[in-house]
Amino acid sequence: MQDYKAILGDIHRDLSSKTNKGQVATYIPELAHIDKNKFGIHLKTIDGFEFGIGDCYTSFSIQSISKVLALSKAIALIGETVWQRVGVEPSGHPFNQLALLEVEKGIPRNPFINSGAIVIADILLSYLKNPKDDFLRYIRDLANDDSIGFNEDVALSEKITGFKNYAAANLLKSFNNLENAVEDVLDFYFYQCSIEMTCSQLNHTFFFLANKGNCLLNKSRLTKTQAKRINALMLSCGFYDEAGEFAFEVGLPGKSGVGGGIVALLPNHFVITTWAPGLNPKGNSLLGMQSLEQFTTKTKLSIF
Ligand code: GLN
């Protein structure tokens with residue numbers, strides 16, 4: 001077995017000393033005051049090895065990483081029907097870009113750009129009895145951890161400033177691609193994005209996608225094919241207009257969030273999570289991406 005502890009220790013030490021740590025997201029005011037020196041990494045392998053370093057037990061806002069979990073719940077509820085309302089192609093544009101949505105008549109390119117995630121939120125709102133509670137229950141069950149929760153201050157902060165998301169939702173509504181009221185869909189979406197986890201909890205939550213759709217307690221959550229599809233989408237769309245760069249540098253399916261978290265995985269091998277709140281100009285964690293590049297280069301473990 002590789003000496004993961006030594007490898008992660010080296011990566012953490014090397015990157016902690018970097019002076020350029022990127023910029024914390026400020027467009028959601030509650031995220032603007034997060035300390036950009038925070039830096040954690042957590043690894044869990046399929047055969048049970050688990051190791052975390054740095055700030056891996058401090059909670060952060062998972063933001064867009066939640067879009068993968070929402071999609072997974074939507075697929076579990078309505079299967080392939082999801083693809084009638086959202087596409088599976090990379091957008092090549094930032095997560096909040098609106099122009100394509102207008103040109104392509106209200107069908108978002110994929111479920112990980114904001115407009116696509118808002119459509120998925122609409123599906124969950126239609127099919128879940130108590131949407132927020134049921135979604136949180138789903139995530140707690142995946143992680144086998146009832147301490148995971150929403151951060152209402154973050155949700156509210158985004159509600160007050162989320163003008164572009166209101167624009168996206170209104171466009172979707174105008175193209176008849178939202179069933180529920182704009183206010184209700186965005187309320188759910190902002191709560192979904194406000195979920196907080198540590199690197200360790202995030203790792204446990206995503207374990208099912210490295211484990212053929214079976215969660216930590218080995219309960220089936222998705223079929224093997226459904227897990228394959230979600231991993232494929234993370235590879236092609238998980239980093240917006242930097243998805244190509246992430247595949248090039250890291251070579252794993254993954255998803256980022258503007259809270260500075262990244263989750264990446266090698267199916268049947270491991271899940272690795274990072275948290276470093278400073279972002280690069282494309283809105284992805286600067287040190288997180290560098291950590292993962294170093295990890296797959298040093299271990300020679302990637303999908304390629
Ligand atoms: N809640 C954020 C938004 O809608 C999520 C963006 C992200 O993490 N990339 O803008």
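The values are calculated or read from the model by the stated rules, or taken from the named source; none is laboratory data. Treat the numbers as computed from the prediction; the structure is a model and nothing was measured. Virtual Cβ from ideal backbone geometry, glycine too; neighbours counted across all protein chains shown.
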Counting only residues that are free of Cβ contacts under 8 Å to residues at least 24 places away in the same chain and in a helix (DSSP H, G or I), how many does the range 1-28 have?
2
Candidate set from the range 109-124 (those that are more than 15 Å from the chain's Cα centre (by Cα) and either more than 16 Å from the ligand (Cβ to nearest atom) or not in a helix (DSSP H, G or I) (or both)); member that is surrounded by the fewest Cβ atoms within 10 Å (Cβ to Cβ)
Arg109
Expected output for the range 268-284 (first residue closer than 20 Å to Leu8 by Cβ and of a type in the set (Ser, Thr, Tyr), partner at pLDDT below 95 and within 14 Å of the ligand (Cβ to nearest atom), Cβ below 9 Å, 6+ apart or cross-chain) is none
Check Leu15, Leu77, Leu43, Leu69 and return the single one that is within 26 Å of Leu156 (Cβ to Cβ) and among the aliphatic types (A, V, I, L, M).
Leu69
Can you confirm whether the range 68-81 contains a residue that is of a type outside the set (Val, Ile, Thr), touching an Asp or Glu at 6+ places or on another chain (Cβ under 9 Å) and in contact (Cβ under 8 Å) with a residue 40 or more places away in the chain?
yes
Restricting attention to the range 29-67, the residues that are free of Cβ contacts under 8 Å to residues at least 60 places away in the same chain and either in a loop (DSSP other than H, G, I, E, B) or within 13 Å of the ligand (Cβ to nearest atom) (or both) number exactly 6
Looking only at the range 87-102, which residues are surrounded by fewer than 15 Cβ atoms within 10 Å (Cβ to Cβ) and either at positive phi or touching a Ser or Thr at 6+ places or on another chain (Cβ under 6 Å) (or both)?
Gly92
Scanning the range 163-191 for residues that are in contact (Cβ under 8 Å) with a residue 40 or more places away in the chain and within 11 Å of the ligand (Cβ to nearest atom), which turns out farthest from Tyr127 (Cα to Cα)?
Lys164
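Residues of the range 82-103 being closer than 26 Å to Phe163 by Cα and without any contact (Cβ under 8 Å) to a residue 60 or more places away in the chain, which ones? Steps first, please.
At the first step, the residues of the range 82-103 found to be closer than 26 Å to Phe163 by Cα are 82, 85-103.
Matches in the range 82-103: Val82, Val86, Gly87, Gln97, Ala99, Leu100, Val103.
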Can you give me the number of residues within the range 12-28 that are surrounded by 12 or more Cβ atoms within 10 Å (Cβ to Cβ), more than 16 Å from the ligand (Cβ to nearest atom) and under 21 Å from Phe60 (Cα atoms)?
4
Of the criteria (1) within 16 Å of the ligand (Cβ to nearest atom); (2) in contact (Cβ under 8 Å) with a residue 12 or more places away in the chain; (3) exposed (fewer than 14 other Cβ atoms within 10 Å of the Cβ), which one Lys159 fails:
(3)
